[in-house]
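K.L.:
Mind having a look at this structure? Questions to follow.
The values are calculated or read from the model by the stated rules, or taken from the named source; none is laboratory data. Note that this is a predicted model, so its numbers are computed, not measured. When we count neighbours, we look across all protein chains shown, and the Cβ atoms used for this are built from the backbone with ideal geometry, even at glycine.
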């Protein structure tokens, strides 16, 4: 049995281009790229997804492996997968930012722990929010929605040299401002309440100068902060879900996915 060079190039193109897009998405998307997930498992997931999606894809363009067109195809597939993951990273980043604002407002900015997903130090409040958001993301089947959008993107945004343009990247960069607005929206109730608490402690200190503001105000602020976190938790998760839906809507808009 013999195979021609054209057949080998066609089979290689049918595997390598979906593999690159899927691998880029898995590398960038939250939950999938967690440091707690072994690299071999992630590689296995990419191989399985590629094997499943290969028979369902339209015929890929056949180009020489070492050519300008192949290099552009490589960049386009990397860009599509990385952008899908990066948008969801911004969604989770907004939650982390909101947790940092809450932690600094209640005096817990010094209490940090390692974020197992990103490998950086974040306040414990942000880590608490991030754990709950990850569970909510899995409960809402966000990982399955992301994989479904990835599969649909091969039909609405097929493998080609022409792909994401400058306007698409500008939309992603512009949407990044919502990271800060969403984080502040999540933290605003706690921030406002703690501001009133601090004003009250200032009045108490002015009325009774003999009281040590650090000995009295810090425990009170921290205790009220914990109560406010508990009371505002449903609102924070609702805002995260809304922000997550907006992230998926942006991915659909960039990749021309309907439905």
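K.L.:
Across region 173-199, what is the total count of residues that are surrounded by fewer than 17 Cβ atoms within 10 Å (Cβ to Cβ) and under 17 Å from residue 244 (Cα atoms)?
P.N.:
Of the residues in that region, 8 qualify.
K.L.:
Residue pairs, Cβ under 7 Å, 6 or more apart or interchain, first in region 131-160 and at negative phi and surrounded by 15 or more Cβ atoms within 10 Å (Cβ to Cβ), second at pLDDT 90 or above and not in a helix (DSSP H, G or I). List them.
P.N.:
Close Cβ pairs satisfying both conditions: 146/29.
K.L.:
Another question, then. Filter region 27-45 for residues that are buried (at least 22 other Cβ atoms within 10 Å of the Cβ) and under 28 Å from residue 63 (Cβ atoms) and give the result.
P.N.:
Residue satisfying the conditions is 29 alone.
K.L.:
Can you say whether residue 10 is surrounded by 13 or more Cβ atoms within 10 Å (Cβ to Cβ), touching a strand residue (DSSP E or B) at 6+ places or on another chain (Cβ under 9 Å), more than 26 Å from residue 166 (Cα to Cα) and at pLDDT below 90, as far as the supplied structure shows?
P.N.:
no
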